[in-house]
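Asker: Can you keep this structure in mind? I'll have questions shortly.
The values are calculated or read from the model by the stated rules, or taken from the named source; none is laboratory data. Just so it is clear, the structure is predicted and the values come from calculations on it, not from any experiment. Positions of Cβ are generated from backbone atoms using ideal geometry, with glycine treated the same way; all protein chains shown enter the neighbour counts. Protein only, heavy atoms only, side chains kept; ligands, DNA and RNA dropped before computing areas. Shrake-Rupley method; radii C 1.70, N 1.55, O 1.52, S 1.80 Å.
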Amino acid sequence: MGDPVQLKDDGNKFFQAGDIDKAIECYTKAIKVCKDKKVLAVIHRNRSACYLKKENYANAASDASKAIDVDAADIKALYRRCQALEKLGKLDMAFKDVQRCATIEPKNKTFLETLRRLGADIQAKLKTTFSTDSRVQNMFDILLDEEMEKDKREKAANNLIVLSREDAGAERIFQNNGVPLLINMIETGKPEMILAAVRTLSGMCTGHKARAMAIIHMVGVDKMCSIMAVDNEEIALATCNLFQCINDSLTGGDTREYGKEEALVLDAAKDLKTILLSLLEMVTSKKVSGHGRDQALNLLTKNVPRRDKKEKDNTKALFTIDHGLKKILKVCGQVSELPDQLSMTENTQLIASVLLNKLYDDLKCDPERANFKDICDEYIKSKIDPNNMDKTIHAVNTISGLLQGPFDVGNALVGQQGIMEMMVALCGSEREVDQMVAVEALIHASSKMSRASFIITNGVSLLKDIYKKTKNERIKIRSLVGLCKLGSAGGDDYSMRQFAEGSTEKLAKQCRKWLCNPQIDTKTRKWAIEGLAYLTNDADVKDDFVEDEPALKAMFELAKSKDKTILYSVACTLINCTNCYDKKEIIPELVQLAKFSKQHVPEQHPKDKKDFIEKRVKRLLKAGVISALAVMVKADNAILTDQTKEMLARVFLALADDPKDRGTIVAQGGGKALIPLALEGTDVGKVKASHALAKIAAISNPEIAFPGERVYEVVRPLVSLLHTDRDGMENFEALKGLTNLAGYSEKLRVKIVKEKALPEIENYMFEEHDQIKQAATECMCNLVTCKEVQERYLEDGNDKLKLLVLLCGEDDDDLQIAAAGALAMITAAQKKLCSKLTLVTTQWLEILQRLCLHTNPKIQHRGLVIIYNMLDSDDSELTKKLIESEMLEILTIIGKAEDNPKRQEPIDTARTCLVKAMELGLIKPFSSPS
């Protein structure tokens, strides 16, 4: 086991030699075998000193305490604990320890100086604390004083919000009776006061489980729900954020240790269940505004389904289905034209459909899905009443909601006996509202080919009849969209046209006409885009549409409107116009085989070729597509589904294809808009958005393309494209983008290193593909000024430096410029590498000579800078070896050359090298001519 005293002595030797890790190892072994309490105290005290050196202050304080437990007057242990506690921010405890030290040794200058300094620090901290307390109280006094000027109250509200976002500030507000005062602010009923109070509460709840639970009980879940229920979009959104902060803190977002308080804040299950039930209650409450209902549905969408399908627990989804599925279905079935309906916004029903889809998607097995379908089936049947048309159209509208959410459930309901017939019968009703709801249901039901073919047989003549007879524009446009959808059932397959030649163009022309008519309400005009989303599968239609600039601008304006149910249709239309959907590769041999066996072969439209697509992209950019996309990306998360995000990412990538267009994308805010798309959504969507970011980052000024702190968020998406499962073009453009960022600032270089990009970049420097190898080397050239990168080159046992030297000997000029540039910068920064460079390959001198003799002045200049770095490296053997080689002759020839503006840099550097050699006494000065 070992002698504890011997181990202690060994530890002391290692400590004196500066090998702290070995010292800790010896002391730890000694502690395990030592039985003598006094010796053990000394070992703990010594190990405490080691931990102080390692800046492991928690362990340093713990070891010092163990020594003090044995001898309360152990002055060394007391002072070490004082140092550790000070670093841990526990100033009052550190002050007590040094006070004891000063009592034992009253003349010790170190103790007296530390005592004075800590006393001053504690006074400053108390002053800050008291000033914060008084500031908090002062803010509340201003806010609750009705006679105070509006500007002062607004400033106080903003200060309170900012203060609550810092942990110390939030704690001061909480301790200073802040929550009751915030409730008083809410009770005033003034929107600006409610907003300030709710946002302050959000800050206080963020990342602090104990405070979040206390605030729930002090404010009350019902009170919070009633605030969210008010008819004010800003207040509803702020309260939604408060609920989200509470949920995140209670479900594991808060990782701090609470010590003795842990038992008080451990179980949040009851509060979370109360919140969930209250939100479900809000879904169908008549007292809740449309904005409040939207936010309740949003919170359910975000927090009920599992975030990762690998998690086994989906009990929240099952609980929500049992207690709230019928309530969500009720929202889907609301028909605003009927009396006594729930208050809703343009987006409410779509958010409800998204929630239904997420709940259904979260189910793990067939019995759970069967239960979901049974509840929906039972609900629909309970609403169908031949004697009550209002209830019946509610049932049909609910089916429409399901067809936009879990399509399989909606499709199964439509397939049931009598449902389709009922929808067809409603189309023939005299009531316009019945016709409108039925036509919408038919449109949603024909999303699959099989269902579309059924409706083509049964519904086309019916829709045409409605279209011709009705005078109501809203029904007319919906029936037209139904025809559009059926007309495009074959997708972009030119051979699968459902209607006669020219019919789809006529339908599209009518859609564009409605789209450009500002007298028609937004809710109706959005159906025109819905129609175009289907019709633009036809290349003739998409070509006509992009030529119609007023129609494009009208669509973009609608995309920016408050009605966000339009986003999916706009995204679909843009996908079709830019042809950026996934296309199956058609293998000619298989086409011949299919024709021989009389199988259907898809045909490409002549206008779907590359030059036509490029023209359409230019038209879209000219019409302002980027500003519309930027607004769309900011939409509410529940409406902006992962599928829609993926489509927007695809569109951005298609628009960024031509380098000439990237300036336009940056100028209209496209760079900023791409960042959230690259960080959230489907895997495919994130890759597409990251690729578009890489294209922009490669050639744009990062400061302009990604202003402020956003530029740091771009790094991770670009690094994700370096993985080997990404294709060559994605690798190449990510490297080009990172090269540009790495050349911008040291902070960005550090960020790239932190994102673990270095191993990937180094791998691509070995790549066989010339352009990728060059891009990786250029990226490394910009990164070598970073200290952490230099340290990797200084490490022994790797080929990093060897690779750079060998790349300098390649034949490609651009690759040589990058490799020689990296070598020049890194040898200037780290003199040790100059000596190491001579050991990595026997060809080093030959490679450097070739660089210095190169016809390209850029390469020659870099080679000569490397030579200068080697002469300046303090390695006398190396400098002697260089001057004794042919390098002296090369330097002399270049240095004696006449001044030449085209080659001045290499000439000047060669002369500097010769001057350095003279200073080192390796060569004699030139004799001046007589």
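Asker: Check whether at least one residue in the stretch 824-840 is touching a His at 6+ places or on another chain (Cβ under 9 Å), of a type outside the set (D, E, K, R), open to solvent by less than 40 Å² (accessible area, probe 1.4 Å) and outside any loop (DSSP other than H, G, I, E, B), and report yes or no.
Answerer: Within the stretch 824-840 (the criterion being touching a His at 6+ places or on another chain (Cβ under 9 Å), of a type outside the set (D, E, K, R), open to solvent by less than 40 Å² (accessible area, probe 1.4 Å) and outside any loop (DSSP other than H, G, I, E, B)), the answer is yes, since at least one residue qualifies.
Asker: May I pose another question? Of a type in the set (D, E, K, R) and in contact with a Lys or Arg (Cβ under 9 Å, 6 or more places away or on another chain): is that true of Asp899 in this structure?
Answerer: no
Asker: Condition first: under 30 Å from the mean Cα position of the chain (by Cα) and modelled with pLDDT under 90. Can you find one or more residues in the stretch 792-814 that meet it?
Answerer: Within the stretch 792-814, one or more residues are under 30 Å from the mean Cα position of the chain (by Cα) and modelled with pLDDT under 90.
Asker: So which of Ala157, Ala124 ends up being modelled with pLDDT of 75 or more and either in a loop (DSSP other than H, G, I, E, B) or exposed (fewer than 13 other Cβ atoms within 10 Å of the Cβ) (or both)?
Answerer: On inspection, the qualifying residue turns out to be Ala124.
Asker: Taking the stated definitions as given, is Ala654 modelled with pLDDT of 90 or more and either farther than 22 Å from Glu709 by Cβ or part of a loop (DSSP other than H, G, I, E, B) (or both)?
Answerer: Judged against the criteria, Ala654 is a match.
Asker: Still on this model: Taking the condition assigned to a loop (DSSP other than H, G, I, E, B) and open to solvent by less than 50 Å² (accessible area, probe 1.4 Å), does Gly119 pass?
Answerer: Here the answer is no, as Gly119 does not meet what is asked.
Asker: Are there any helices (runs of 4 or more DSSP H) wholly within the stretch 1-105 with 3 or more residues that are over 30 Å from Arg117 (Cβ atoms) and touching a Leu at 6+ places or on another chain (Cβ under 8 Å), and if so which?
Answerer: 20-33
Asker: Report, by residue number, each residue of the stretch 1-11 that is surrounded by 16 or more Cβ atoms within 10 Å (Cβ to Cβ) and under 11 Å from Asn46 (Cα atoms).
Answerer: Within the stretch 1-11, Lys8, Gly11 qualify.
Asker: State which residue pairs qualify: first residue open to solvent by less than 80 Å² (accessible area, probe 1.4 Å) and inside the stretch 895-913, second residue in a loop (DSSP other than H, G, I, E, B) in any location, beta carbons under 7 Å apart, and separation of 6 or more residues or different chains.
Answerer: From residues that are open to solvent by less than 80 Å² (accessible area, probe 1.4 Å), the pairs are Ile907/Ala897; Ile907/Asp899; Ile907/Asn900.
Asker: Determine if the stretch 160-176 includes at least one residue that is in contact with a Cys (Cβ under 6 Å, 6 or more places away or on another chain), within 30 Å of Gln244 (Cβ to Cβ), open to solvent by less than 70 Å² (accessible area, probe 1.4 Å) and at pLDDT 85 or above.
Answerer: There is no residue in the stretch 160-176 that is in contact with a Cys (Cβ under 6 Å, 6 or more places away or on another chain), within 30 Å of Gln244 (Cβ to Cβ), open to solvent by less than 70 Å² (accessible area, probe 1.4 Å) and at pLDDT 85 or above.
Asker: Please work out if Ala689 is among the small types (Gly, Ala, Ser) and open to solvent by 40 Å² or more (accessible area, probe 1.4 Å).
Answerer: No, not satisfied.
Asker: Based on this model, can you work out whether Asp636 counts as acidic (Asp, Glu), at pLDDT below 90 and outside any helix (DSSP H, G or I)?
Answerer: Judged against the criteria, Asp636 is a match.
Asker: Another one. Of the conditions (1) touching a Lys or Arg at 6+ places or on another chain (Cβ under 9 Å); (2) without any contact (Cβ under 8 Å) to a residue 40 or more places away in the chain; (3) under 28 Å from Asp814 (Cβ atoms); (4) not basic (Lys, Arg), Glu886 fails just one. Which one is it?
Answerer: The failed condition is (1).
Asker: Moving on. From the set of residues in the stretch 549-578 that are surrounded by fewer than 19 Cβ atoms within 10 Å (Cβ to Cβ) and over 26 Å from the mean Cα position of the chain (by Cα), which is nearest to Asp608 (Cα to Cα)?
Answerer: Glu549
Asker: When you go through (1) open to solvent by 20 Å² or more (accessible area, probe 1.4 Å); (2) in contact with a His (Cβ under 9 Å, 6 or more places away or on another chain); (3) aliphatic (A, V, I, L, M) one by one for Val335, which number turns out not to apply?
Answerer: (1)
Asker: Just to check your reading of the model, which residue among Ile399, Ile351, Ile393 is crowded, with 22+ Cβ neighbours inside 10 Å, closer than 24 Å to Ala229 by Cβ and either among the basic types (Lys, Arg) or at pLDDT 90 or above (or both)?
Answerer: Ile351
Asker: Return a yes/no flag: does the stretch 44-59 have any residue that is open to solvent by less than 70 Å² (accessible area, probe 1.4 Å), assigned by the TED database to the domain that holds Cys101 and either touching a Pro at 6+ places or on another chain (Cβ under 6 Å) or over 18 Å from Lys87 (Cβ atoms) (or both).
Answerer: yes
Asker: In the stretch 748-796, which residue that is closer than 23 Å to Val711 by Cβ and among the basic types (Lys, Arg) is least open to solvent (accessible area, probe 1.4 Å)?
Answerer: Going through the qualifying residues, I end up with Arg749.
Asker: Would you please name the residue that is nearest to Lys485 (Cα to Cα), looking only at residues in the stretch 428-443 that are at pLDDT below 80 and in a helix (DSSP H, G or I)?
Answerer: The selected residue is Ile443.
Asker: May I ask you to say which residue of Gly743, Gly728, Gly737 is in contact (Cβ under 8 Å) with a residue 24 or more places away in the chain, open to solvent by 40 Å² or more (accessible area, probe 1.4 Å), within 26 Å of the chain's Cα centre (by Cα) and under 22 Å from Pro659 (Cα atoms)?
Answerer: Exactly one residue qualifies, and that residue is Gly743.
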